[in-house]
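Undergrad: Dropping the structure in here first, questions after.
The values are calculated or read from the model by the stated rules, or taken from the named source; none is laboratory data. What you are looking at is a predicted structure, and each value in this text was computed from that prediction instead of being measured. A quick note on method: Cβ atoms are made from the backbone with ideal geometry, for glycine too, and the neighbour counts reach across all protein chains shown. Remember, those area values only see protein heavy atoms, side chains included, never the ligands or the DNA or RNA. Shrake-Rupley method; radii C 1.70, N 1.55, O 1.52, S 1.80 Å.
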Amino acid sequence: MNFEFLSPLPMATRLFVDELPDYTIGRSVILNTEDRDDIEVKKGDVVIFSVNETRNVQGSQNANFEQAREEFYSLYKGNWDVNIIDLGEVLSGASVSDTYFAVTQLVAFIHDKEAISVMLGGGQDLVYANYRAYPQEGDMVNIVNIDNKFDLGNIELPISNNSYIGKIVVDKPYNLFNYTNLGFQSYFVAPEELDVMERMFFDAYRLGNVSSDISQTEAILRDADIVSVDMNVVEASFYGTSPNGFSGKQICALCRYAGISDRLNSFGIYEFDSKMCTPASNMLLAQMLWYFVEGVCARWNELGGVDELDVIQYQVPVEEEILVFYKSQLTGRWWLDLSTFEKEDNKLVHGALLPCTSQDYTDACNQKIPERWYKARMKYEI
């Protein structure tokens with residue numbers, strides 16, 4: 001593997017990990033340092049890289065991950081059976097578009113190896129470059145953004161860290177099937193943005209609703225290809241300036257659920273401004289990474305059609321519909337069958353099953369159609 005736009009980790013990093021105790025992450029992580037040119041990415045690997053690109057960020061920012069990396073390396077491994085590779089930093093190009101191109105090429109390479117990319121940023125507009133790494137023909141893409149706002153922005157203006165989702169929606173080719181926001185706060189969201197989310201049949205969950213039961217987000221994150229975390233969604237006692245947000249425990253739980261998703265192959269943590277960091281901030285980012293990898297190692301490989309899963313089927317008449325639910329006998333997780341309204345020309349290979357919760361089944365039994373099923377149907381019919 002040889003990418004000219006990758007800056008290897010300095011030898012000081014190698015010296016640091018060599019001094020760590022046995023069984024820490026740093027003692028087993030594969031580091032792309034200056035003295036190595038033999039890094040090989042394989043199926044199932046977790047591949048980390050950072051991108052200090054902030055030119056499209058509204059306001060000044062500096063994303064330095066040296067301390068956070070050291071905190072991550074210093075943590076002890078769980079019962080993990082996955083290789084972790086740290087490729088170092090993607091160099092900023094002469095223009096932001098050059099950086100986007102480099103990120104897209106790198107993520108596409110990692111996915112071609114059937115590995116999992118983990119990007120540390122920089123501006124959250126880098127999600128746009130990540131998204132463009134997905135094939136222009138074939139499966140559609142689901143994005144889950146853990147953020148205190150929607151980042152739809154004004155599509156008439158140049159892309160920024162507050163408008164990249166709007167650009168993803170309108171720019172060809174159209175690969176986006178669903179966008180979900182977890183943790184938005186109403187006072188950071190313009191009313192017209194709420195209207196757009198409704199018209200596009202996208203999903204949005206307020207901070208209070210998510211915080212009251214984090215476990216309900218597992219089904220949402222299970223359906224994601226890309227999960228993006230804006231560090232500003234965390235309350236100020238851990239990072240940033242906003243007094244309200246997820247606690248350290250809650251954001252780590254969300255990262256673990258993201259890792260568990262069999263479908264997900266892109267994860268990123270963004271808007272990490274070194275100037276706003278405390279030692280606790282760096283440790284929190286390290287622990288978020290730890291929980292993500294912990295989730296990856298807890299995957300159950302329940303990705304595929306009904307014939308590939310060990311499930312029990314439940315049919316529930318609701319109004320004029322018959323909703324078909326499946327419950328895994330291995331994990332107890334639930335899905336809704338969408339195949340009844342799948343079009344012949346639809347690109348949604350993954351669309352036959354929609355992850356859901358036991359509460360969705362209970363609601364259906366009480367004659368309430370799950371909202372996510374309704375929105376999925378509307379998108380199929382557009």
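Undergrad: Sorted by accessible area with a 1.4 angstrom probe, largest first, how do T33, T357 fall?
TA: Largest to smallest exposure gives the sequence T357, T33.
Undergrad: Let me ask something else. Which cross-chain or sequence-distant (5 or more) residues have an amide H under 5 Å from the amide H of V318, H modelled 1.01 Å from N in plane?
TA: Those qualifying (amide H under 5 Å, at least 5 residues apart or on another chain) are L323.
Undergrad: Angle check, please: helix 279-296 long axis (alpha carbons) against the longest principal axis of the chain (alpha carbons), in degrees 0 to 90, nearest 10.
TA: 50 degrees
Undergrad: So what is the orientation-averaged projected area of segment 134-195, using the convex hull of its C-alpha atoms, in nm²?
TA: Average projection, Cα convex hull of segment 134-195: 4.5 nm².
Undergrad: Taking the Cα-to-Cβ direction at E19 and at I155 and moving 7 Å from each Cα, how far apart do the two end points lie in nm?
TA: Each label point is offset 7 Å from its Cα along the Cβ direction, giving 5.3 nm.
Undergrad: Among 296-304, 264-272, 61-69, 243-251, how do they line up from the highest to the lowest mean number of other beta-carbon atoms within 10 Å?
TA: 264-272, 61-69, 243-251, 296-304
Undergrad: Would you work out which of G208, P173, L194 lies farthest towards the positive end of the dipole of segment 166-215? Charges go on Cβ: Lys and Arg +1, Asp and Glu -1.
TA: The one lying farthest along the dipole's positive direction is P173.
Undergrad: Now for a separate question. How many lysine pairs in segment 256-379, separated by 8 or more positions in sequence or lying on different chains, have Cα atoms less than 27 Å apart?
TA: Lysine pairs, 8 or more places apart or on different chains, close enough: 11.
Undergrad: List, in order, the whole-Hz ³J(HN,Hα) value for each residue of segment 354-362 obtained from phi through the Karplus relation with A = 6.51, B = -1.76, C = 1.60 and θ = phi - 60°; use x for Gly and Pro.
TA: 10, x, 8, 10, 5, 5, 4, 5, 4
Undergrad: Is there a quick way to get the dipole size of segment 182-335? I mean about its Cα centre, with the Cβ of Lys and Arg at +1 and of Asp and Glu at -1; what is the value in debye to the nearest 20?
TA: Once rounded to the nearest 20, the dipole reads 700 debye.
Undergrad: If you don't mind, another one. Only four residue types carry charge here, +1 at the Cβ of Lys and Arg and -1 at the Cβ of Asp and Glu. Report the dipole size of the chain about the Cα centre in Debye, rounded to the nearest 20.
TA: 480 debye
Undergrad: Ratio of segment 40-89's C-alpha Rg to 2.2 N^0.38 Å, to two decimals?
TA: Numbers: Rg = 14.1 Å, N = 50, 2.2 N^0.38 = 9.7 Å.
Cα-based Rg divided by the globular estimate yields 1.45.
Undergrad: To the nearest 20 debye, what charge dipole does segment 95-230 have about its Cα centre, counting +1 at the Cβ of each Lys and Arg and -1 at the Cβ of each Asp and Glu?
TA: Here segment 95-230 has a charge dipole of around 140 debye.
Undergrad: In addition: Working from the alpha-carbon coordinates of segment 53-209, get Rg over Rh, Rh being the Kirkwood radius. Please report the intermediate quantities before stating the final value.
TA: Details: Rg = 16.8 Å, Rh = 17.3 Å.
That ratio is 0.97, to two decimals.
Undergrad: P(r) of segment 205-294 in 10 Å steps, Cα pairs, percent per bin?
TA: 17, 52, 28, 3
Undergrad: Here's something else I'd like to know. To the nearest 10 degrees, how steeply does helix 248-260 sit against the main Cα axis of the chain, on a 0 to 90 scale?
TA: 70 degrees
Undergrad: Follow-up question, since we're still on this one. Can you check what the net charge comes to around N161, using other residues whose Cβ is under 9 Å from the Cβ of N161 (Lys, Arg +1; Asp, Glu -1)?
TA: Its environment carries a net charge of -4.
Undergrad: Please express the shape of the chain as an equivalent ellipsoid: the semi-axes are the square roots of 5 times the eigenvalues of the C-alpha gyration tensor, given largest first in whole angstrom.
TA: 34, 23, 21
Undergrad: Ok, one more. Just the number, please: percent antiparallel of the DSSP beta bridges in the chain, rounded to the nearest 5.
TA: 30 percent
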